[in-house]
């Protein structure tokens, strides 16, 4: 049995880290986590002890944000905060036999400075972005270090590409963030079309995203809503409480009824708290302004329709990068973000995609192909944990 530290730097990374950690615990290892940003709620949900609780920022963490988001990060003291986290990690690293990195250059740098044995899961990088992986300096040099014992990637193409670049073995075993989706989910009542809404998880961007999506909803055909042929489901995280949601909606022409549905008198959106898996599985089409949740939708072979917003995360540039990452079954209307013309075109595309799913098997087949190629099959967290455990037995015991 080994004592292992998980290092991650964002909510999506925490989710994957917690799933890997849970599997390692089941294999007899002692696992603790140090989220570099945020409170690490996914670790708490899996009963994994957190070392040095983190802090949340307006931008949601250190990563892919707009220019204004990066300036906000500076003003909120993220750089100083991060340096303190790195120092703390270096101080405690001697207590562990192995560090597992989930994320990008930030935890990779932190683990490299510790001089401990490291396993890296590069969930933030993919060769699909530009055809060839261009790691930020000096990430490649860190990964070449003998301290980095095992390297996992988020897709097959990246594993092949990085293996050529590093001239060492790189593996793709799937993505842990898909593992929870095959657990229990509730079947919703049948209807002709069902759209799922994923507005993201970061406050306050979540609130702005939700209002933007609700504006788009009003361009969907009223007759389909009235006769029940089109159902719309909102998967909402707990960070936006019902009281905050009610206040937000009341200022924008919508009402929350019995904490179960949102309505403006004509359009109705079902509120599905705690039913994220069910929304993903039951939806024919997902309207997304999210990161990991969008990847999970693609992994379940669902078409995705993006709505770019004002950020700091889900900007037009982030949305465009996401389309390169996830492939041709992620769609986005042309036009300036937030404009009525763009939202109207988004609604038109939503109906067009729903009709195509019903009458053209090609889109369904393409969704399946892209999901397997770019995300992989479920069980990635278990496969990665078993590989790590076997490595520990062979090399570190």
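Before moving on, here are some points about what is shown:
- Axis of helix 156-166 versus longest Cα principal axis of the chain: the two differ by about 30°, to the nearest ten degrees.
- The distance separating the Cα centre of the stretch 322-337 from that of the stretch 339-366 comes to 12 Å.
- As a proxy for reagent exposure, 139, 359 were ordered by neighbouring Cβ count within 10 angstrom, fewest first; the result is 359, 139.
- Once the Cα atoms are used to define both axes, helix 340-359 deviates from the longest principal axis of the chain by about 90 degrees.
- Distribution of pairwise C-alpha distances over the stretch 222-327, 10 Å bins, in %: 13, 39, 39, 10, 0
- For the chain, the longest principal axis of the Cα atoms and the long axis of helix 105-114 meet at an angle of about 20 degrees.
- At R0 = 35 Å, FRET efficiency that the Cβ-Cβ distance of residue 241 and residue 26 yields, to 0.05: 0.55
- Counting only DSSP beta bridges with both residues in the stretch 183-374, the antiparallel share comes to about 25 percent.
- Euclidean distance of C-alpha centroids, the stretch 209-261 and the stretch 1-57, integer Å: 33 Å
- If R0 is taken as 35 Å, the Cβ-Cβ distance between residue 224 and residue 134 corresponds to a FRET efficiency of 0.20.
- Classified by the C-alpha gyration tensor, the stretch 183-374 has a rounded form. Its axis ratio a/c, with a ≥ b ≥ c, is below 1.5.
- Taking label positions 7 Å along the Cα-Cβ direction at both residue 361 and residue 156, the computed distance is 2.2 nm, reported to one decimal.
- The slack in the chain from residue 45 to residue 83, taken as 0.36 nm per residue of separation less the alpha-carbon distance, amounts to 11.0 nm.
- Inter-label distance, residue 53 to residue 3: 2.3 nm, where each label sits 7 Å from its Cα along the C-beta direction.
- Of 170, 37, 101, the one that fluctuates the most in a GNM where the chain has Cα springs shorter than 10 Å: 170
- Available extension along the chain between residue 394 and residue 144 is 87.9 nm, counting 0.36 nm per residue and deducting the alpha carbon span.
- Build a GNM of the chain with springs between Cα atoms under 10 Å apart, and of 184, 267, 52 the one that fluctuates most is 184.
- Value of relative contact order over the chain, rounded to a whole percent, pairs C-alpha under 8 Å and six or more apart: 17 percent
- Among beta bridges identified by DSSP and lying wholly in the chain, the antiparallel ones come to about 15 percent.
- Likely footprinting exposure, 121, 96, 81, 129, fewest C-beta neighbours within 10 Å first: 129, 81, 96, 121
- For the chain, the 222 nm mean residue ellipticity estimated from helices alone, with every DSSP H stretch of n ≥ 4 adding -39500 (n - 2.57) and the total spread over all residues, rounds to -13000 deg cm²/dmol.
- Simple spin-label estimate for residue 252 and residue 187 in nanometres, 7 Å along Cα-Cβ: 3.4 nm
- Antiparallel content of DSSP bridges confined to the stretch 209-314, in %, to 5: 55 percent
- Treating each Cα of the chain as an identical point scatterer and summing with the Debye formula, the log10 of I(q)/I(0) at q = 0.07, 0.10, 0.13, 0.15 Å⁻¹ comes to -0.32, -0.66, -1.10, -1.41.
- Relative exposure of 348, 194, judged by other C-beta atoms within 10 Å (fewest first): 348, 194
Read the figures in this text as sums done on the coordinates, not as results from a lab. Treat the numbers as computed from the prediction; the structure is a model and nothing was measured. For neighbour counting, all protein chains shown are included, and Cβ atoms are generated from backbone atoms with ideal geometry for every residue, glycine included.
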